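The values are calculated or read from the model by the stated rules, or taken from the named source; none is laboratory data. Here the structure is a predicted model, which is why all the values come from computation and not from measurement. Positions of Cβ are generated from backbone atoms using ideal geometry, with glycine treated the same way; all protein chains shown enter the neighbour counts. Side chains included, ligands, DNA and RNA excluded: accessible areas come from the protein's heavy atoms. Shrake-Rupley method; radii C 1.70, N 1.55, O 1.52, S 1.80 Å.
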Amino acid sequence: MVNEKMYALGSKRSAIREIFEYAKKRAAEIGRENVFDFSIGNPSVPAPACVDEAIEHILQETPSVELHGYTSAQGDKNCRDRIAENLRSRFGADISGDDLYLTCGAAASLTVSMHALVTPGTGAEILAFAPYFAEYKVFAESAGARFTPLPTEDGTFLPDFSVLEKAMNPAVAAVVVNSPNNPSGVVYKEETIERLAAFLRAREKEYGHPVYLITDEPYRELVYDEKTKVPFVPNYYDDTLVCYSYSKSLSLPGERIGYIAVSPRAADAKAVYAAVCGAGRALGFVCAPSLFQRVAAECDGKTSDLSVYKRNRDRLYNGLTSLGYTCVYPDGAFYLFVKSPEPDANAFCERARKYELLFVSGDDFGCPGYVRIAYCVSAEQIGRALPLFKALAAEYSLPPKP
């Protein structure tokens, strides 16, 4: 006898992973150069030089037994202190190393955070704004919460506060915010965060208990215009847990390293942090990879060459809109959210496969009628794909723009 819920999750991959695996199969059949895989957020830009330099001197200067041994369950104290010091320097944040829990990437951060905040059997609810990363539902439900997606403002994909007002209730344990957003690339500006913080503070006062804000921030540094600023949410709302990953900023998705930062100004910060440690223990997420704890501490705040993604964004956005596609302009992350030329985005994705164009339906992000195209690929792939997008547009008689 097996857990039927776990069997269902394990017997069918997420839509993103299904397409990613299909792309590998097609590459073996017809050649990698003939498959245009825009399905997964796998950085194409190499890690910055500081990563290799850090690895080299860490290997040279740290005794092997220490380097490859266990750290504290929540992460090496020196590494946590260095990351916290950098957060204070960059954001003026009131964060110490004792507020950080190092994790195996943002997925672990989110899972641990939700388990820390939700008591199963209490009817707890977690809200998230659509479009959202599809695994939020899996993480929330595994923690024993009901996951409720909230539609956002059409065209902007910013929070619709009238929708939030209706959905909010005393059972809500947490609201999840992802900015820059996967899949839309939308960045929540300061006024949005301030309004959200004020709304939640009022509800906390009304309900007599905390309503936590979980911020999913693997794309925090991936913005392409100087005027675009990503607010550090704990500076605006006390009851915040930050879930961060170095997968995108440092191009280290396979190394699985990130952290949870519990705002020390939270009403019950010490209890929340203890619950985070307990959830990490219960889930087996203790002692993140030792070597990359040290690498993260040395390279925190650095990034890969973001100019590559900016050029890709501009070329793909300008190219697709000139062909008649309707796209959301992305200020951050490395995804283009494109309106499907037909109501059924899955049917559009299926038709695109005739041209070996692979991307993900917005249905899987809680936003039917759109598709996500990941532009963290080579410039050469984008250049060779645009004529195929043109042929696809012709099937729908999309009017090209001059």
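Scanning for something on the phi < 0 side of the Ramachandran plot, modelled with pLDDT of 95 or more, open to solvent by 10 Å² or more (accessible area, probe 1.4 Å) and not in a helix (DSSP H, G or I), does the range 99-109 turn up at least one residue?
Yes: one or more hits.
Going by what's in this entry, would THR152 be described as in contact with a Gly (Cβ under 8 Å, 6 or more places away or on another chain), within 25 Å of SER14 (Cα to Cα) and among the hydroxyl-bearing types (Ser, Thr, Tyr)? Quick ask: steps written out before the conclusion?
Numbers: in contact with a Gly (Cβ under 8 Å, 6 or more places away or on another chain): no; within 25 Å of SER14 (Cα to Cα): yes; among the hydroxyl-bearing types (Ser, Thr, Tyr): yes.
The answer is no for THR152.
If the requirement is being buried (at least 16 other Cβ atoms within 10 Å of the Cβ), out of contact with any strand residue (DSSP E or B) (no Cβ under 8 Å at 6 or more places or on another chain) and modelled with pLDDT of 95 or more, which of these qualifies: SER249, SER263?
The unique qualifying residue is SER249.
Taking only pairs six or more apart or across chains, which ones have beta-carbon atoms under 8 Å, a first residue in the range 325-339 that is closer than 17 Å to ILE40 by Cβ, and a second residue that is of a type in the set (A, V, I, L, M) and open to solvent by 10 Å² or more (accessible area, probe 1.4 Å)?
Taking only residues 6 or more apart or on different chains, the pairs are PRO330/VAL186; LEU336/VAL328; PHE337/VAL328; VAL338/VAL328.
Of all residues being more than 15 Å from GLY185 (Cα to Cα), more than 21 Å from the chain's Cα centre (by Cα) and free of Cβ contacts under 8 Å to residues at least 40 places away in the same chain in the range 282-324, which is surrounded by the most Cβ atoms within 10 Å (Cβ to Cβ)? Just the residue, please.
ASN318
Out of all the residues in the range 232-245, which are among the hydroxyl-bearing types (Ser, Thr, Tyr) and either open to solvent by 10 Å² or more (accessible area, probe 1.4 Å) or touching a residue at least 60 places away in the same chain (Cβ under 8 Å) (or both)?
Residues satisfying the conditions are TYR236, TYR244, SER245.
Residues being hydroxyl-bearing (Ser, Thr, Tyr) and in a helix (DSSP H, G or I): count how many of those fall in the range 138-172.
Adding up the residues that qualify gives 2.
May I ask you to say which residue of LEU213, LEU200, LEU241 is among the aliphatic types (A, V, I, L, M) and over 21 Å from TYR101 (Cβ atoms)?
Criteria check complete, one pass: LEU200.
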